[in-house]
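Only one structure is covered here, and it is reproduced in the block below.
What follows is calculated from the coordinates using simple rules that are stated; it is not laboratory data. On a predicted model such as this, the values are computed, not experimentally measured, just so you know. Every residue, glycine as well, gets a Cβ built from its backbone with ideal geometry; the counts of neighbours run over all protein chains shown.
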Amino acid sequence: MTVKTEINVRYAETDQMKVVHHAVYPIWYEQSRTELIEKLGIKYCEIEKQGVMCPIAELNSKYISPARYGDTVIVEASVSKLTPVKIVFEYKIYRKSDETLLNTGSSVHPWTDTNIKLINLKKAFPKIYDTLLNNINKL
């Protein structure tokens with residue numbers, strides 16, 4: 001499953017050259033990732049209310065071509081791996097007007113409890129795990 005999130009580049013996200021600052025891309029990843037989790041059948045805030053956290057353990061980002069002030073970008077987020085101990089997302093960012101690939105990335109998120117202690121989601125919260133797994137497999 002891939003979710004496509006449309007984002008209008010704001011002036012505040014750019015540097016003096018009106019190029020999107022590198023620190024903005026992970027924020028865009030998060031926005032699209034949050035929408036993806038919801039499409040998989042559960043809101044991230046609901047997962048947290050049940051005592052499950054999903055902190056970021058690894059982040060990769062490759063800058064191919066700059067996004068600029070005034071651009072509209074499409075952020076594609078997908079799950080590349082789901083296991084009982086982690087979830088891995090992949091991202092692609094395109095300029096909407098000409099479909100130029102601007103950025104690719106990935107992030108790794110272990111499943112933890114509220115004390116950031118690693119958990120086996122399948123054993124500790126089987127309903128959450130099954131909801132995610134079943135909806136990923138449907139597509």
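Projecting the Cα atoms of T100, Q31, P55 onto the charge dipole of the chain, computed from C-beta unit charges around the Cα centre, puts P55 farthest toward the positive end. Using Cβ point charges alone (K and R +1, D and E -1), the dipole size of the chain about the Cα centre works out to roughly 340 debye. Straightening the chain between A12 and C45 buys 9.2 nm, computed as 0.36 nm per residue apart minus the Cα-Cα spacing. Cross-link pairs exceeding 28 Å in C-alpha to C-alpha distance, out of K18/K96; K49/K122; K49/K92, comprise K49/K92. Cβ-to-Cβ counts within 10 Å put M1, M17, M53 in ascending order as M17, M1, M53, the fewest first.
Would you calculate, for the chain, the mean residue ellipticity at 222 nm contributed by helices, counting each DSSP H stretch of 4 or more residues as -39,500 (n - 2.57) and dividing by all residues, to the nearest 500?
Numbers: 4 runs with 39 residues, N = 139.
Helix contribution divided over all residues of the chain: -8000 deg cm²/dmol.
Neighbours of T131 by Cβ distance under 13 Å: Lys/Arg scored +1, Asp/Glu scored -1, total +2. Cα-Cα over 24 Å: which of K62/K127; K86/K117; K4/K117; K86/K123? Pairs exceeding the cut-off: K62/K127; K4/K117. Against the main long axis of the alpha-carbon atoms of the chain, helix 126-138 sits at an angle near 50°.
Once the Kirkwood radius over Cα pairs is known for the chain, the Stokes-Einstein relation at 4 °C and 1.567 mPa s delivers a diffusion coefficient of 82 µm²/s.
Calculate, in nm to one decimal, what D130 and A57 gain on full extension: separation in residues at 0.36 nm each, minus their alpha carbon distance. Don't jump to the answer; show the numbers that get you there.
On the way: separation 73, 0.36 × 73 = 26.28 nm, distance 2.26 nm.
That works out to 24.0 nm of additional length.
In this rough spin-label picture, where each label sits 7 Å from Cα along the Cβ direction, the K122-Q31 distance is 3.5 nm.
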